[in-house]
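The values are calculated or read from the model by the stated rules, or taken from the named source; none is laboratory data. Everything quoted here is computed from the prediction, not taken from an experiment. Cβ sites come from the backbone with ideal geometry, for glycine too, and all protein chains shown count toward neighbours.
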Amino acid sequence: MIISKTGIIKYCLLLLCCFYSSYMHSQEFIKGIVYDQKNKEPIEGAVIYFDGTTRGTVSDQNGVFEIDYIANVPLVISFLGYKNKYLEVTSTEDITIYLEETLEELDTVFLEKDPWSRERKMNYFLREFIGTQDIRRYCKIKNKKKIKLQYIPSEDALYASAQEPLIIENTYLGYTITYHLQDFKIQFNKGGMLRTIYGVYYSGTSLFTEQRKKTKKKHITNREKVYKGSSLNFMRALASEKLTSQEFDIFYKGFKSDPKTVFKIVPHNALTEVSIQVKEKVSIFYQGYEQTDMWLAKGTPSFFIDKLGNYTPASEVLFTGGFSRRKIAKMLPLNFGL
């Protein structure tokens, strides 16, 4: 969830925009039943998951499900042909869910002619959603044909949508991601000799599933590699005041700074409040070389980090550089390592 200006990427993923406040996993479970709102019949095969995590299950022939509880992480209920439902679950009491059938929508009619080929649009989409070619070869969208793409010349913008969840196989990390794409837009800079990207915005929900019952050693190693130096690693280290031990260095105005002089950390039970005490951008270096610049949107005094390492309001915490280059191909579940 990063905003992008002249190469700055704004990942406003819904899974990180929701009101996460704490992470507490125990042997507690949530039980519930999923019904069709109209005829009150149980729905078999509905997918129920905690957004952005590996915790998911499917309703049985009676619409019944049971899932490990993660406190205050949005619960998503999804079934093809029905509108997704999002719940803020605050207890382990049994729940009853009614899904509303989705009306068949007509394709949007655009008054402008789209001059771009599907191949050209797909290349932009894959690069900004999945990642650059070197990492994209490990990460494939199985149902790519379901993605609708439209370039609008007057806006100099590319839009993407999908009526069904995207199935993304990441053989580098050993995850299959079920991703419900809700919004996607690439805004190009207008004018100039070369076409450059002003910003990228997309949102959606995701469920991570292990590709094998027993995770391969190479996948464990690759996940650790991807985690180190990531925004998830940084946020957890920032909240626990362990930036130095996690090999993050903070620079301000070109000089290495003590994190305590740059960030003010105030714990609030399940949340940690963070404010940046300087006006200009702060540079973050991981292991002395990978650089990310960070700042808060104008008028934003602080942000909050939960025990997962998720931060909110996500759209107000701005990055450019290293973190912004880690796209879906290098995305880990929020409960990774916990």
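Quick notes
- Index of the failed condition, LEU173 passing every other in (1) over 18 Å from the mean Cα position of the chain (by Cα); (2) hydrophobic (A, V, I, L, M, F, W, C); (3) not in a strand (DSSP E or B): (1)
- Checked against the criterion of being over 24 Å from GLY337 (Cα atoms) and crowded, with 20+ Cβ neighbours inside 10 Å, the stretch 305-313 has no qualifying residue.
- Hey, VAL266 in a strand (DSSP E or B), touching a Leu at 6+ places or on another chain (Cβ under 7 Å) and either among the aliphatic types (A, V, I, L, M) or surrounded by fewer than 19 Cβ atoms within 10 Å (Cβ to Cβ) (or both) or not: no
- Residue match in the stretch 68-75 (condition: among the polar types (S, T, N, Q), within 18 Å of ASN335 (Cα to Cα) and modelled with pLDDT under 95): yes
- Annotation note: of GLU273, GLU280, the sole residue that is surrounded by 15 or more Cβ atoms within 10 Å (Cβ to Cβ) and either outside any loop (DSSP other than H, G, I, E, B) or on the phi < 0 side of the Ramachandran plot (or both) is GLU273.
- Residue check for SER59: modelled with pLDDT of 90 or more, in contact with an Asp or Glu (Cβ under 7 Å, 6 or more places away or on another chain) and buried (at least 20 other Cβ atoms within 10 Å of the Cβ): yes
- Residue list for the stretch 203-242, restricted to those being of a type in the set (Val, Ile, Thr) and assigned to a helix (DSSP H, G or I): ILE220, THR221, VAL226
- Exactly one residue out of GLU316, GLU280 is more than 21 Å from the chain's Cα centre (by Cα), modelled with pLDDT under 95 and of a type in the set (D, E, K, R), and it is GLU280.
- Summed over the stretch 67-81, residues that are surrounded by fewer than 14 Cβ atoms within 10 Å (Cβ to Cβ) and either without any contact (Cβ under 8 Å) to a residue 60 or more places away in the chain or part of a strand (DSSP E or B) (or both) total 1.
- Residue match in the stretch 192-200 (condition: buried (at least 21 other Cβ atoms within 10 Å of the Cβ), under 25 Å from PRO74 (Cα atoms) and not assigned by TED's automatic domain parsing to the domain that holds VAL76): yes
- Looking only at the stretch 30-56, and only at residues there that are under 23 Å from LEU271 (Cα atoms) and aromatic (Phe, Trp, Tyr), the one that is surrounded by the most Cβ atoms within 10 Å (Cβ to Cβ): PHE50
- Cβ-Cβ under 8 Å pairs, at least 6 apart or on other chains, the stretch 235-254 side within 16 Å of TRP295 (Cβ to Cβ), far side acidic (Asp, Glu) and part of a loop (DSSP other than H, G, I, E, B): ILE250/ASP258; TYR252/GLU280; LYS253/GLU280
- Top-ranked residue in the stretch 139-198 [being out of contact with any Asp or Glu (no Cβ under 9 Å at 6 or more places or on another chain) and of a type in the set (Val, Ile, Thr); ranked as farthest from ASP51 (Cα to Cα)]: THR196
- Search result, residues across the stretch 129-148 that are crowded, with 19+ Cβ neighbours inside 10 Å and either closer than 13 Å to ASP183 by Cα or not assigned by TED's automatic domain parsing to the domain that holds LEU173 (or both): PHE129, ILE147
- Enumerated strands (runs of 3 or more DSSP E) restricted to the stretch 82-151, each holding at least 2 residues that are closer than 29 Å to GLY32 by Cβ, under 25 Å from the mean Cα position of the chain (by Cα) and at pLDDT 95 or above: 95-99
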